[in-house]
Amino acid sequence: MPVWLGLLQLLTIGALGFWIITVLYTAWSLLHPPKRTYAYALHRGHPGDPSELDTPLDYEQIEFSSNNQTLTAWKIKALNPSGPRLLLIHGWGSSSIGALKRIPHITNLASEIITLDLPGHGESTGTSQMGATEHTDIDTLLSSLDESKPTIIYGWSMGAGIALRLARDYKDQHNIKAVIAESPYTHAITPARNVIHLRGLPIKFNLKPAIALIGTLKGLGPKWTGFDRTQIAKDLQVPLLIIHGTEDPVSPIADAKAITAASPNATLLEIEHAGHNNIWTTPDFTEQACQAIQDFIESKPTTPPQTPSPAPQ
């Protein structure tokens, strides 16, 4: 065999090995997001639970089992006894810790707030499900609570898609009245591509095979790209508020517009110049989001009608 041919074979084997390792690492990193735990918040000097907010809130920590995982949640006593329950669903790489920057702005609108660590996030076990099955975990959680309480679901990023799926599939079981979706996207591959690119890692030859591998591992098939949120939104039977920054580098504003157009009853708030993670850290953006959420919640008939008392005989 010519020396050059042997060298070519060696280089080919090396390139193939590098490709396989890169695909596996990409899939692994998507299934194992950064952990945002109490220690993470403590290290950065941020509140680590509702009792550490500037206005402390009483809460109960819940552990529950779902899909062979142990998940954690907070049941928080909010400040409006006549308000609905707000269920908060975080995005990829976040946790209930991420909900803490939103809670002070919405606690006056709710009677209680529920937030959980999705699989593979925060204090919960397992791996990220990339929006594929988390709605069933939340169904398990809500089934253990008072199901007569009117509920509004508020999810951001990956959590926005989960919120849409939950409201579509379990509207009546859990008395779901409305959905708030912050920075949603249509397919899981979109934010995965953008997040990996923002980290300076390759995407052209490894991302699609990694997503196909994840779909295969989860029994969804190699063509899986994440559930199309527009297809979910078109079957949504409750009002939807979408909040989205026009400069979002992770979830394109075009995705928010597509979901809005698909939904029978959706309102889109475009926050000019806002990105993916700064809506709740920039005062002007926060004010716009707060006002939209307040108007949306207060316009919804979330209080069950009262049965009139029988007239005295």
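The values are calculated or read from the model by the stated rules, or taken from the named source; none is laboratory data. If you're wondering where the values come from, they're calculated on a predicted model, not measured in any experiment. Cβ atoms come from the backbone with ideal geometry, glycine included; neighbour counts cover every protein chain shown.
Tabulated results
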read-out: Cross-chain or 6+ apart pairs with Cβ under 6 Å, region 167-179 first and in the same structural domain as Ile113 (by TED's automatic domain parsing) and farther than 14 Å from Lys234 by Cα, then surrounded by fewer than 20 Cβ atoms within 10 Å (Cβ to Cβ) and of a type in the set (S, T, N, Q); value: Lys171/Gln237
read-out: Residue selected from region 174-187 under the condition out of contact with any helix residue (DSSP H, G or I) (no Cβ under 7 Å at 6 or more places or on another chain) and outside any strand (DSSP E or B), by the criterion nearest to Thr260 (Cα to Cα); value: His187
read-out: Output for region 195-239, where each listed residue is modelled with pLDDT of 85 or more and touching a Pro at 6+ places or on another chain (Cβ under 8 Å); value: Ala212, Leu213, Gly215, Thr216, Arg229, Lys234, Leu236, Gln237
read-out: Test: residue in region 84-99 that is closer than 22 Å to Glu182 by Cα, more than 19 Å from the chain's Cα centre (by Cα) and either in the same structural domain as Thr286 (by TED's automatic domain parsing) or not in a helix (DSSP H, G or I) (or both); value: yes
read-out: Single residue of Asp248, Asp255 found to be within 18 Å of the chain's Cα centre (by Cα), at pLDDT 95 or above, over 11 Å from Ala181 (Cβ atoms) and not β-branched (Val, Ile, Thr); value: Asp248
read-out: Members of region 188-212 that are polar (S, T, N, Q) and part of a helix (DSSP H, G or I); value: Thr190, Asn194
read-out: Residues located in region 155-179, provided they are among the small types (Gly, Ala, Ser) and within 13 Å of Asp139 (Cα to Cα); value: Ala163, Ala167
